[in-house]
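The values are calculated or read from the model by the stated rules, or taken from the named source; none is laboratory data. Treat the numbers as computed from the prediction; the structure is a model and nothing was measured. With ideal geometry, Cβ positions are generated from the backbone for all residues, glycine too; neighbour counts draw on all protein chains shown.
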Amino acid sequence: MCDLMKELEEKEFTGYKVVAKHKQNGKYYSIAMGFCYNDSEIIPVVEEQNRIGHYFVGDILKHITFKNEMVGRTAVFKSLDQAKELLEEIMEDSDHYDLNYNFIIVEATVLEDLLEGFYYINPVVAGRKIKFISEV
């Protein structure tokens, strides 16, 4: 999970996110939590995790790495290279893959109540809304 430490004055930030794209409906989903992203709408507060694939821990809401600052937020990487590294890690093990989805990188803007921090050692920015720009 992300360790968010600093509030940002900016209203929005554009970065890169790894998502699951459903093969039939073309919508983007959170790999870790399983919810569908609705473009420019508030990120839902997830009470039950329905992860896609097996890369992320199955009990993330109770896991020691879970941070309350991430509730109702989603994060983007500041660097495309860091998003590529995560995508490669997810794809390395076929057990992490779900045949109904393609795991891809999208350029996206997070908005509202921005917090800056890290996903492990990689800089991220998280917000309460996400607006998708393009697939990378």
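Points worth noting:
- Residue list for segment 100-136, filter: modelled with pLDDT under 95, surrounded by fewer than 15 Cβ atoms within 10 Å (Cβ to Cβ) and either touching a helix residue (DSSP H, G or I) at 6+ places or on another chain (Cβ under 6 Å) or within 17 Å of Y28 (Cβ to Cβ) (or both): N100, N102
- Extreme residue, modelled with the highest pLDDT, among residues of segment 15-55 that are of a type in the set (G, A, S) and surrounded by 14 or more Cβ atoms within 10 Å (Cβ to Cβ): G15
- The one condition in (1) under 21 Å from L111 (Cβ atoms); (2) at pLDDT below 80; (3) not small (G, A, S) that E12 fails to fulfil: (2)
- Counting the residues of segment 82-136 that are of a type in the set (F, W, Y) and closer than 27 Å to E9 by Cα gives 4.
- Some residue of segment 87-96 being within 17 Å of K27 (Cβ to Cβ), under 14 Å from the mean Cα position of the chain (by Cα) and either among the aromatic types (F, W, Y) or in a helix (DSSP H, G or I) (or both): no
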